[in-house]
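The values are calculated or read from the model by the stated rules, or taken from the named source; none is laboratory data. All values derive from a computational prediction rather than experimental measurement. Positions of Cβ are generated from backbone atoms using ideal geometry, with glycine treated the same way; all protein chains shown enter the neighbour counts. Quick note on the areas: whole protein, heavy atoms, side chains included, nothing else; ligands and nucleic acids left out. Shrake-Rupley method; radii C 1.70, N 1.55, O 1.52, S 1.80 Å.
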Amino acid sequence: GLSERFLRRGRELVREEDPVDAVTVGLFDFVHHMLRGDWESLREIDPELRAEALRRGGLWHVVTWLGMRGKLATYRGEFERAEAIVEELGEIEEHYAYGLARENRQGCAAFLAVERGRLDEAVAACDAYFEATDEALPRILALATRARALAEAERTEEAALQLARARQEMDALGIVPPFHASSVLRSELLLAVVRLEAGSERRGARRARRLARRARAAAAAVAWRGPAVLGLAARLEPQH
């Protein structure tokens, strides 16, 4: 509710002649509805407006919107749309030599590969994503996504090492937004489920259920995590 009030005020302040203003409000309006899961209310930012905002110096705004849009397309299964966004980010990276465009391109490529089940490609993409930045939050996403790919490939010990590194990064930060924490919890839950199903961690059912509760709580603030977390939690229930 509070963010909705700020968005209404922000829309009133947009200067018609300033495309960066329009993209700024469009970006945060998109994030607001995306995280809520109110995807019917999502508004695209017109390509011509994005191009004009880039020319006016709105690099961060356009690239951040593209990164969010690419992630959403990936998690909704819109893989061709996600591929097109990866290409657009690559063009911005090349034209402006902008590091954040490279980081978002590599992140979107990593998420896309793991969603498609291309696990070796996903591991390599996560490595590139991790190396693209010194910032803790994107590194946490890279580690969690790499752990997910490794767990799905049943390389459980390697996945556990990635998650331990992610937890170290989180502990160093102290406060981690649900957007990032939910990725780690999802991968931790996946690893617990894979180990249980393989019979390699027979006493881990109680811990896995605790993880499922924590993952569901975090996913409440990041709508696209919900279906995956619920699916993993269902795998913990007895089959009849």
Got a sec? Which of ASP38, ASP46 is under 25 Å from ALA97 (Cα atoms), more than 16 Å from the chain's Cα centre (by Cα) and of a type in the set (D, E, K, R)? ASP46
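For the range 184-224, give me each residue that is open to solvent by 60 Å² or more (accessible area, probe 1.4 Å) and assigned to a helix (DSSP H, G or I).
From the range 184-224, those open to solvent by 60 Å² or more (accessible area, probe 1.4 Å) are 197-198, 200, 202-203, 206-207, 209-210, 213-214, 216-217, 220; that's our starting set.
Of everything in the range 184-224, those that are open to solvent by 60 Å² or more (accessible area, probe 1.4 Å) and assigned to a helix (DSSP H, G or I) turn out to be GLU197, ALA198, ARG202, ARG203, ARG206, ARG207, ARG209, ARG210, ARG213, ARG214, ARG216, ALA217.
Is it true that ALA181 is out of contact with any Leu (no Cβ under 8 Å at 6 or more places or on another chain), assigned to a helix (DSSP H, G or I) and open to solvent by less than 20 Å² (accessible area, probe 1.4 Å)? Break it down into steps so the answer makes sense when it comes.
Values: out of contact with any Leu (no Cβ under 8 Å at 6 or more places or on another chain): yes; assigned to a helix (DSSP H, G or I): yes; open to solvent by less than 20 Å² (accessible area, probe 1.4 Å): yes.
Here the answer is yes, as ALA181 does meet what is asked.
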Taking GLU103 and the conditions (1) open to solvent by 10 Å² or more (accessible area, probe 1.4 Å); (2) out of contact with any Pro (no Cβ under 9 Å at 6 or more places or on another chain), which numbered condition does it fall short on, given that it satisfies the others? (2)
Residues (farther than 17 Å from ALA166 by Cβ and touching a Ser or Thr at 6+ places or on another chain (Cβ under 9 Å)) located in the range 117-134: none
Filter the range 163-178 for residues that are open to solvent by 30 Å² or more (accessible area, probe 1.4 Å) and touching a Lys or Arg at 6+ places or on another chain (Cβ under 9 Å); the one that is nearest to ALA220 (Cα to Cα) is PRO178
Please note which helices (runs of 4 or more DSSP H) are completely contained in the range 33-108 and include at least 1 residues that are within 19 Å of ARG225 (Cβ to Cβ), free of Cβ contacts under 8 Å to residues at least 60 places away in the same chain and aromatic (Phe, Trp, Tyr). 79-96
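Per-residue answers, yes or no, for (1) modelled with pLDDT under 95; (2) of a type in the set (Phe, Trp, Tyr); (3) open to solvent by less than 40 Å² (accessible area, probe 1.4 Å):
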residue	(1), (2), (3)
ALA51	yes, no, yes
ARG56	yes, no, no
LYS71	yes, no, yes
GLU83	no, no, no
GLU87	no, no, no
ILE92	no, no, yes
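Please work out if PHE6 is open to solvent by 40 Å² or more (accessible area, probe 1.4 Å), farther than 18 Å from TYR75 by Cα and more than 20 Å from the chain's Cα centre (by Cα).
It is true that PHE6 is open to solvent by 40 Å² or more (accessible area, probe 1.4 Å), farther than 18 Å from TYR75 by Cα and more than 20 Å from the chain's Cα centre (by Cα).
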Could you check GLU40 against (1) more than 23 Å from ARG146 (Cα to Cα); (2) modelled with pLDDT of 95 or more; (3) surrounded by fewer than 16 Cβ atoms within 10 Å (Cβ to Cβ) and say which number it fails? (2)
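Yes/no matrix, rows are residues, columns are (1) of a type in the set (A, V, I, L, M, F, W, C); (2) touching a residue at least 24 places away in the same chain (Cβ under 8 Å); (3) farther than 22 Å from ARG102 by Cα:
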position: ARG139; (1), (2), (3): no, yes, no
position: LEU143; (1), (2), (3): yes, yes, no
position: LEU150; (1), (2), (3): yes, yes, yes
position: ARG155; (1), (2), (3): no, no, yes
position: LEU163; (1), (2), (3): yes, yes, yes
position: ALA166; (1), (2), (3): yes, yes, no
position: GLU169; (1), (2), (3): no, yes, no
position: ALA172; (1), (2), (3): yes, yes, yes
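Scan the range 89-107 residue by residue and report those that are within 19 Å of GLY58 (Cβ to Cβ), of a type outside the set (Lys, Arg) and within 14 Å of the chain's Cα centre (by Cα).
To start, the set of residues in the range 89-107 that are within 19 Å of GLY58 (Cβ to Cβ) comprises 89-105.
Okay, now just the ones that are also of a type outside the set (Lys, Arg), so 89-101, 103-104.
GLU103, ASN104 - these are the residues of the range 89-107 that are within 19 Å of GLY58 (Cβ to Cβ), of a type outside the set (Lys, Arg) and within 14 Å of the chain's Cα centre (by Cα).
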Which of the residues that make up the range 59-69 are over 22 Å from ARG118 (Cβ atoms) and open to solvent by less than 10 Å² (accessible area, probe 1.4 Å)? VAL62, VAL63, TRP65
Residues in the range 119-162 that are open to solvent by less than 30 Å² (accessible area, probe 1.4 Å) and not in a helix (DSSP H, G or I): how many? 2
